[in-house]
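Have a look at the structure below, then the notes.
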Amino acid sequence: MRLFLCEKPSQGRDIARFIGATQRGKGFLSGPGTVVTWAFGHLLEVASPEEYGAQFGKPWRMDVLPILPTEWKMVVKQSSAEQFAVISRLLKQADEVVIATDADREGEVLARELLDYCQFTGNVKRLWLSALDDASIRKGLDNLLPGEKTVRLYYAGMGRSKADWLIGMNLTRIYTLKASEQGIDELLSIGRVQTPTLALVVQRDSDIENFSPKPYWQVFADIEKAGMTFRAQWVPAAGYCDDEKRCVQHNAALAVEQLCK
């Protein structure tokens, strides 16, 4: 049996319609020798620290940090357990899987983490689609990629996921415990992406709050040539300007104005 593994139900329905898999099942559509199923985004997630040992549970302890798993564990999201059971059962029956998730790194991770978790050993193909119209689906099916062609996207995605986990789980605990020593009884959430993004927002808010207006000068000239009139703007030399290339020397601007006249 060939199993198409899609990223979401709407994607699965479009592909199933095109290949004639019209028989409805719970969490899948089927046709002769072919089944189409789908996830709802990521059905798996990296296990929480306590899954690696009771010492990493609450209350948090500084002496056991950093948490550096030697063998990473994945767990099924509680909200996704029902659909995961469907996919797991179908993978046991499949001889070949066609990964039909979104054509990007996260789409690759979403599918392959399921294949690895369920220990699928059959043939793997990749349906690479940028659109779900009939012409795009036909072209993709006529040019299925071998699984090894895109597997590196999976490795890259899992590397990103593990980096997020290592930074988030360890630094959140360290910052929270250090803050607690100073009497701050709050969770201080640290993230690889969220923290620098928050820093940008804070810096921008600070710039706005501490903004002090400063005068600068511009010189414009209305120039006529061959019966046509257009407006030109003086570009001051760097020595007259601030960091934003605005003229801050009034006398220089007045001198340019006089020269133009």
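Pairing each residue of the range 109-136 that is touching a residue at least 12 places away in the same chain (Cβ under 8 Å) and within 12 Å of Leu91 (Cβ to Cβ) with any residue that is assigned to a loop (DSSP other than H, G, I, E, B) and open to solvent by 30 Å² or more (accessible area, probe 1.4 Å), provided the two are 6+ apart or on different chains, yields C-beta distances under 7 Å for Gly122/Asp95. Residues that are polar (S, T, N, Q) and open to solvent by less than 50 Å² (accessible area, probe 1.4 Å) within the range 70-97 comprise Ser80, Gln83, Ser88, listed in sequence order.
Scanning the range 119-131 for residues that are within 19 Å of Arg17 (Cα to Cα) and open to solvent by 60 Å² or more (accessible area, probe 1.4 Å) yields Trp128, Ser130. Ser206 - would you say it is surrounded by 14 or more Cβ atoms within 10 Å (Cβ to Cβ) and modelled with pLDDT of 95 or more? No. Here Ala47 passes the criteria (1) open to solvent by 50 Å² or more (accessible area, probe 1.4 Å); (2) within 26 Å of Arg160 (Cβ to Cβ); (3) not basic (Lys, Arg) except the one numbered (1).
From Leu145, Leu171, grab the single residue that is surrounded by 15 or more Cβ atoms within 10 Å (Cβ to Cβ) and in contact with a Phe, Trp or Tyr (Cβ under 9 Å, 6 or more places away or on another chain). Within the list Leu145, Leu171, the selection yields Leu145.
Selection within the range 217-261: residues that are in contact with an Asp or Glu (Cβ under 7 Å, 6 or more places away or on another chain) and of a type outside the set (A, V, I, L, M, F, W, C). The member of this set that is most open to solvent (accessible area, probe 1.4 Å) is Arg231. Of all residue pairs spaced 6 or more apart or on separate chains, those with beta-carbon atoms under 9 Å, a first member in the range 1-17 that is among the β-branched types (Val, Ile, Thr) and a second member that is open to solvent by 30 Å² or more (accessible area, probe 1.4 Å) are Ile15/Leu132; Ile15/Leu141.
Would you check if Leu114 is closer than 20 Å to Phe40 by Cα, out of contact with any Pro (no Cβ under 6 Å at 6 or more places or on another chain) and open to solvent by less than 40 Å² (accessible area, probe 1.4 Å)? So Leu114 fits the description; yes.
The values are calculated or read from the model by the stated rules, or taken from the named source; none is laboratory data. Keep in mind that this is a model prediction, so the values were computed, not measured. Reconstructed Cβ throughout: ideal geometry from the backbone, glycine too, with neighbour counts over all protein chains shown. Note: accessible area is taken over every heavy atom of the protein model, side chains too, but ligands, DNA and RNA are not part of it. Shrake-Rupley method; radii C 1.70, N 1.55, O 1.52, S 1.80 Å.
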